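So the structure is just underneath, and the comments pick up after that.
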Amino acid sequence: SQQKPNEKDSKTREMSTPNKVIEMAKKAGAKMVDIKFVDTFGTWQHFSVPIRELTAGIFKEGFGFDGSSIRGWKSIESSDMLALPDPTTAFIDPFCQIPTLSLTCTIAETGTKEPYSRDPRGIAQKAEQYLKSTKIADSAVFGPEAEFFIFDNVQYDHSANGCFYSVDSSEGIWNTGRDEMPNLGFKVRHKEGYFPVPPLDTQQDLRTEMVLALEELGIQIEAQHHEVATAGQAEIDFRFDTLVKTADSMMLYKYVIKNIARQHDKSATFMPKPLFGDNGSGMHTHSSLWKGNKPLFAGREYAGLSQMALYYIGGILKHAKALCALSNPTTNSYKRLVPGFEAPVNLAYSARNRSAAVRIPTYSDSPKAKRVEFRPPDASSNPYLCYSALLMAGLDGILNKVDPGEPMDKNLYELAPEELAKVPQVPGSLDGALDELEKDHEFLLKGDVFTKDFLETWMGKKRAEADDLRLRPHPYEFFMYYDV
């Protein structure tokens, strides 16, 4: 499909003014308004108010709430905050039994109503403003390809003297011998889920139900399919849009997928690596720049790109190791990003080549389809932060004319060791990525998009997560070392 800013063609996204939102709520018989916002680390938070609180003025005045209990936000002595609803995000929540209007908000300080510097949606809005201030482009367009697993059962626990996890799926290859009364034998072997028809693929209708729900809420879907791994790995792709809108859609996308899975007594997870020995879940992220209706990444350079696009790639590759601290922000992310396997760890660029961290898709010769795909990210990331950081790295490349070097049109997984040693790779751990971000973050501070305060808060919390894992014995260590 062609990558261009999305037109507001859905009935829900047409609700772009407060009065239209109020009218929408009345027609739906809404009794409550659900106020949603994203915290620093990517969790959608919410609180609800009666429908009588929904007035045209509240879109400017905001809803007050206590920010001291939100991870990484206010201290208790200055906890009052405002949630400012964005009318373009309105929808009737399909998972509430009582009719409920949902609104996504940007967070502001009380009194001044200045944007809160640790609000991820506000950071994404500042990234869009910074782009316009550079005069390079009017808009940045993003298209994520998020993968996820759908499990039948999930159990885990940890304590001072033990820990375990167990996930299960009826189509998991390990269940060929299970007594299912009867077991019919159709199980997806490791790395063979891309993409056989039913009865091997047991979740066609479930994914379609997710697609139809997403489309009803204004998210235009391009494709759905089973992914490579066994045990219900899936992918549903939605159409490209501008940065903030795409991040809004990603939050709604995850909400819909998790809740529809739950309605079927299943559990959907965007955890990057829940299974050993099979593919993990990524979020390949496509991006391009536009000025008006003109695509800026099409040209006569390598793979039909413009020189601007090559500089954009140069910026991404230059800052890729630091980007990982925001695009792959969990310890589990680095169970997926392991050299020697089919993971996008090699910091090179290439047309079509999925073994490179930066890929230029070649499905279409249309100038509107020219885009850059950054393959390392996963959906454990906060989309507002991930896409903003990616844009800031690309813009730094353009502004400083960063040469991306020569493309790598070879299969990087099959390079000789001495040749592969010359290709930089992503960090091998969350700690490693945070070290890179600590050294390389000036490009994120331009335009006051990210602040030092925010980055220090982010790195402090993420280093604590890494420490939490490092302090605990791992079950596999008993297998390896108990008899030492």
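The values are calculated or read from the model by the stated rules, or taken from the named source; none is laboratory data. Source: prediction; values computed, not measured. Every residue, glycine as well, gets a Cβ built from its backbone with ideal geometry; the counts of neighbours run over all protein chains shown. Protein only, heavy atoms only, side chains kept; ligands, DNA and RNA dropped before computing areas. Shrake-Rupley method; radii C 1.70, N 1.55, O 1.52, S 1.80 Å.
Among residues other than Lys446 whose Cβ falls under 11 Å from its Cβ, what is the net charge (Lys/Arg +1, Asp/Glu -1)? Working shown, then result.
Values: positive: Lys126; negative: Asp396, Glu442, Asp448.
Combined, the nearby Lys, Arg, Asp and Glu give -2.
Taking a spot 7 Å from the Cα of Ser16 along the direction of its beta carbon, which residues of segment 101-137 have an amide N less than 19 Å from it? Counting only backbone N, you get 103-106, 125, 128-129, 132. For the chain, the per residue solvent-accessible surface stands at 46 Å², with DNA, RNA and ligands left out and a 1.4 Å probe. What residues from segment 322-364 fall in the zone where the backbone N is under 20 Å from a label point 7 Å along the Cα-to-C-beta line of Ala416? Under cut-off, by backbone N: 340.
Rounded to the nearest 20 debye, the dipole size of the chain about its Cα centre is 1260 debye, using +1 on the Cβ of Lys and Arg and -1 on the Cβ of Asp and Glu.
Can you give the extra length, in nm with one decimal, that the chain gains between Glu301 and Gln263 once fully stretched, where that is 0.36 nm per residue apart less the Cα-Cα distance? Can you show the working numbers first?
Working: separation 38, 0.36 × 38 = 13.68 nm, distance 4.94 nm.
Residue separation times 0.36 nm, minus the Cα-Cα distance, leaves 8.7 nm.
When the square roots of the Cα gyration tensor eigenvalues are ordered a ≥ b ≥ c, the ratio a/c for segment 60-212 is 1.5 or more and a/b exceeds b/c, which makes its shape prolate.
Taking the Cβ of Arg189 as the center, what net charge do the other residues with Cβ under 11 Å away carry, scoring Lys and Arg +1 and Asp and Glu -1?
Details: positive: Lys187, Lys191; negative: Glu171, Glu192, Asp278.
Around Arg189, the surrounding residues sum to -1.
Taking a ≥ b ≥ c as the square roots of the Cα gyration tensor eigenvalues, with a/c under 1.5 meaning rounded and otherwise prolate when a/b beats b/c, else oblate, which class fits segment 160-285? Prolate is the answer for segment 160-285, as a/c is 1.5 or above and a/b outweighs b/c.
Going through (i) 22.1; (ii) 25.6; (iii) 19.5, the figure that equals mean projected area of the Cα convex hull in nm² as computed for the structure here is (ii).
Can you send over the carbon and sulfur percentage of the accessible area for the chain, probe radius 1.4 Å, protein chains only? Intermediate values should be presented prior to the final figure.
Numbers: 11600 of 22200 Å².
Here it works out to 52 percent.
In percent, how large is the relative contact order of the chain, given Cα pairs closer than 8 Å and 6 or more residues apart? Dividing the mean separation by the residue count of the chain yields 15 percent.
If you plug the beta carbon distance of Glu209 and Phe478 into 1/(1 + (r/R0)^6) with R0 = 56 Å, you get a FRET efficiency near 0.85. Within segment 119-156, find all residues whose amide N lies under 12 Å from a label point positioned 7 Å from the Cα of Asp179 along Cα-to-beta-carbon. In segment 119-156, the label zone of Asp179 (backbone N under 12 Å from the point 7 Å along Cα→Cβ) covers no residue.
Tell me, in nm to one decimal, what length is gained between Asn153 and Arg352 on full extension, where the rule is 0.36 nm per residue of separation less the Cα-Cα distance? Provide the component values of the computation, followed by the final result.
Details: separation 199, 0.36 × 199 = 71.64 nm, distance 3.68 nm.
Taking Asn153 through Arg352 to full extension adds about 68.0 nm, to one decimal.
The protection proxy used here, the mean number of other Cβ atoms lying within 10 Å of each residue, ranks peptides 21-27, 32-38, 309-315 as follows, highest first: 309-315, 32-38, 21-27. Under 5 Å between amide hydrogens, built in the peptide plane, is the criterion, and for Ser380 it picks out nothing among residues at least 5 positions away or on other chains.
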